[in-house]
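Visitor: The structure's right below; bear with me while I get my questions together.
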Amino acid sequence: FVLIDSNAPSRVMIESASNAAKAGASVFFEPTSVPKAKQICENDSFIKNVSYAFPNEDELFAMSDISVEGESTADDLEHVKHAASNLLGRMRSDSSAHVVVTLGPRGVLLASKSGGPDSSVEHIVFPAEAISKVSSNGAGDTLCGAFIHALLNGADEKQAVRFGMKAAILSLQYEDGAISPYI
């Protein structure tokens, strides 16, 4: 597994993702901001090598280059699903690909496609647990890290999302920093 966030220079991210994909590694991408996510995803030479992406909703729309008016509701996530499907269509095609979209109090959307030209996209929404949030700093990073940990320990993507959400709750409720030391 290779994890890339968008703080590195673009050329380094592109070369790292390309080399990792050529070596058969799964490439995980954690965007750090809307402008950085948009910039690196404008270049297909990066996103075509990504196996897993972990954007929040705003980063997803920037990465998929789809503009949306208004905010989606818990019952209407169609434009989020559309943007995730669009992004999956640009991601790695020689293997399965997944987009894990954090939706704040609405939960997490997992969009997955199997490898191959005729693959269909599956969307699963994981509802958020009602909690008292102290800070959202680090919650997405925590979810991503815990997700990868779960995969490395034999979980499938659905189990990994659930595990990541539990870990993210600890960071959301931690008041002394971005990521809870209890993870």
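Visitor: Taking VAL50 as meeting all but one of (1) in a helix (DSSP H, G or I); (2) open to solvent by less than 10 Å² (accessible area, probe 1.4 Å), write down the number of the exception.
Guide: Looking at each condition in turn, VAL50 falls short on (1).
Visitor: Output the residue which, of all residues in the range 103-127 that are among the polar types (S, T, N, Q) and at pLDDT below 95, is surrounded by the fewest Cβ atoms within 10 Å (Cβ to Cβ).
Guide: The residue in question is SER120.
Visitor: Quick one: count up the residues across the range 28-44 that are out of contact with any Leu (no Cβ under 6 Å at 6 or more places or on another chain) and not in a helix (DSSP H, G or I).
Guide: Count: 7.
Visitor: Say we look at the range 133-164 and pick out the residues that are free of Cβ contacts under 8 Å to residues at least 24 places away in the same chain and open to solvent by 80 Å² or more (accessible area, probe 1.4 Å); which of these is nearest to GLU30 (Cα to Cα)?
Guide: Checking each candidate, the answer is HIS149.
Conditions tested, residue by residue: (1) open to solvent by less than 30 Å² (accessible area, probe 1.4 Å); (2) at negative phi; (3) in a loop (DSSP other than H, G, I, E, B); (4) of a type outside the set (Phe, Trp, Tyr).
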{"site": "PHE46", "(1), (2), (3), (4)": "yes, yes, no, no"}
{"site": "LEU88", "(1), (2), (3), (4)": "yes, yes, no, yes"}
{"site": "ASP94", "(1), (2), (3), (4)": "no, yes, yes, yes"}
{"site": "VAL99", "(1), (2), (3), (4)": "yes, yes, no, yes"}
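Visitor: Pull up the range 1-27, narrow it to residues that are part of a loop (DSSP other than H, G, I, E, B), without any contact (Cβ under 8 Å) to a residue 40 or more places away in the chain and surrounded by fewer than 14 Cβ atoms within 10 Å (Cβ to Cβ), then point me to the one that is nearest to the chain's Cα centre (by Cα).
Guide: ASN7
The values are calculated or read from the model by the stated rules, or taken from the named source; none is laboratory data. Here the structure is a predicted model, which means the values were calculated and not measured. Heads up, the Cβs are rebuilt from the backbone with ideal geometry, glycines too, and the neighbour counts pull from every protein chain shown. Accessible surface areas use protein heavy atoms only, side chains included; no ligands, DNA or RNA. Shrake-Rupley method; radii C 1.70, N 1.55, O 1.52, S 1.80 Å.
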